[in-house]
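The values are calculated or read from the model by the stated rules, or taken from the named source; none is laboratory data. Computed from a prediction, not measured in an experiment: that's the story for all the values here. We place every Cβ from the backbone using ideal geometry, glycine too, and count neighbours over all the protein chains shown. Just the protein is used for accessible areas: all its heavy atoms, side chains included, with ligands, DNA and RNA removed. Shrake-Rupley method; radii C 1.70, N 1.55, O 1.52, S 1.80 Å.
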Amino acid sequence: MLALTELGKRLKEARIEKGLSLEDLQKETKIQKRYLAGIEEGNYDLMPGKFYVRAFIKQYCEAVGLNVEQTFEQYHADIPSAQHQVAPEELSRVKTRTKEVAPKNSKVLDALPKAIIAAVVVGVLVLGWVIALYINKDDKEQANSTDSQVESQSEQSSDAQKEDSNDDSEQASTKTDENKEAEKKEAEKKEAAKKEEEKESDKDESKSKLTTVEGAANPGTYKLEGADEFKLELTATATTPSWVGVTNGKGNSFFSSMLQKGKTETIDLTNEQDVKIRVGFAPGVEVKVNGEVVQYPSDPKQNVTQNVFIQYDGSEANSES
């Protein structure tokens with residue numbers, strides 16, 4: 001176990017003075033218990049990034065009643081600096097919003113007895129077993145009945161088959177022709193549908209293109225061409241929440257918040273020409289423009305903080321249409 005830092009000792013003392021355990025603090029801040037323990041022990045390698053270390057320390061201070069600015073100033077030696085300088089207003093946005101979006105029925109699910117869950121699972125297994133037995137039994141009876149009918153019909157119709165052989169041949173020929181005609185029509189329908197899909201696909205491809213701008217001042221700059229709209233989708237895919245900020249070339253903000261796992265934020269930027277997307281934890285956020293996934297300028301596993309720039313001129317699409 002790592003030795004407690006001066007900051008870790010002060011935070012732990014404040015927590016104990018408040019009468020809070022790590023479990024209580026986890027419920028209060030929505031920060032995992034292992035991260036809280038890592039802060040007290042000075043073990044910051046557990047954190048997803050330096051930005052989150054500072055953010056989690058800030059939430060810890062607020063939860064135990066310590067002045068954030070004074071604490072950061074007094075124990076600055078124990079607090080790692082962020083990879084990029086983080087403005088105070090950006091840091092304040094890290095405060096978790098889990099309380100606002102947490103499902104109201106989570107307490108009910110937590111309180112659901114394990115015995116009931118186990119009973120439900122057993123019931124499903126038993127029901128599946130009974131259904132399987134019934135299906136097997138029914139298949140066997142049907143097979144036996146079919147065999148008996150075949151044998152009886154074979155014995156009774158041997159003479160009739162000789163007399164009706166010519167009629168059967170004519171009927172079989174008629175059915176074959178009808179089947180061929182039906183198959184031909186079905187093939188024509190499929191071919192027409194395929195051509196229509198290809199036509200729509202070609203139309204969509206020619207209508208909207210998202211291309212990389214080579215030699216741009218900012219790496220990760222894309223140009224959206226031939227589109228009559230600019231729809232941005234941000235989806236959190238990892239357990240760790242990630243901060244995302246979306247601004248235009250004038251600095252106006254369209255989105256600035258933490259994205260929780262499974263949540264998708266859709267933003268209409270049709271009226272904008274230059275847009276900047278800043279992602280705090282890139283491995284946990286998928287960025288799409290008009291349904292197309294945008295590649296980050298560098299490996300998100302190596303650089304968790306990423307910037308993506310989109311250039312869009314809606315007037316071109318509108319003039320074409």
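Residues in the range 16-33 that are in a helix (DSSP H, G or I) and open to solvent by less than 20 Å² (accessible area, probe 1.4 Å): Leu25, Thr29.
Of the numbered criteria (1) surrounded by fewer than 16 Cβ atoms within 10 Å (Cβ to Cβ); (2) at pLDDT 90 or above; (3) of a type outside the set (S, T, N, Q); (4) out of contact with any helix residue (DSSP H, G or I) (no Cβ under 9 Å at 6 or more places or on another chain), the one Gly249 fails is (2). Say whether the condition of being of a type in the set (S, T, N, Q), at pLDDT 90 or above, crowded, with 17+ Cβ neighbours inside 10 Å and in contact with a Lys or Arg (Cβ under 8 Å, 6 or more places away or on another chain) is met by at least one residue in the range 270-279. Among the residues of the range 270-279, not one is of a type in the set (S, T, N, Q), at pLDDT 90 or above, crowded, with 17+ Cβ neighbours inside 10 Å and in contact with a Lys or Arg (Cβ under 8 Å, 6 or more places away or on another chain), which makes the answer no. Among the conditions (1) among the polar types (S, T, N, Q); (2) out of contact with any Ser or Thr (no Cβ under 9 Å at 6 or more places or on another chain); (3) surrounded by 15 or more Cβ atoms within 10 Å (Cβ to Cβ), Asn290 misses just one, which is (2). When Thr264, Thr212, Thr239 are screened for being open to solvent by 60 Å² or more (accessible area, probe 1.4 Å), more than 26 Å from Pro48 (Cα to Cα) and either touching a Pro at 6+ places or on another chain (Cβ under 7 Å) or among the polar types (S, T, N, Q) (or both), only Thr212 passes. In the set (1) in a helix (DSSP H, G or I); (2) touching a residue at least 24 places away in the same chain (Cβ under 8 Å); (3) closer than 17 Å to Thr240 by Cβ; (4) open to solvent by 20 Å² or more (accessible area, probe 1.4 Å), the condition left unmet by Leu36 is number (4).
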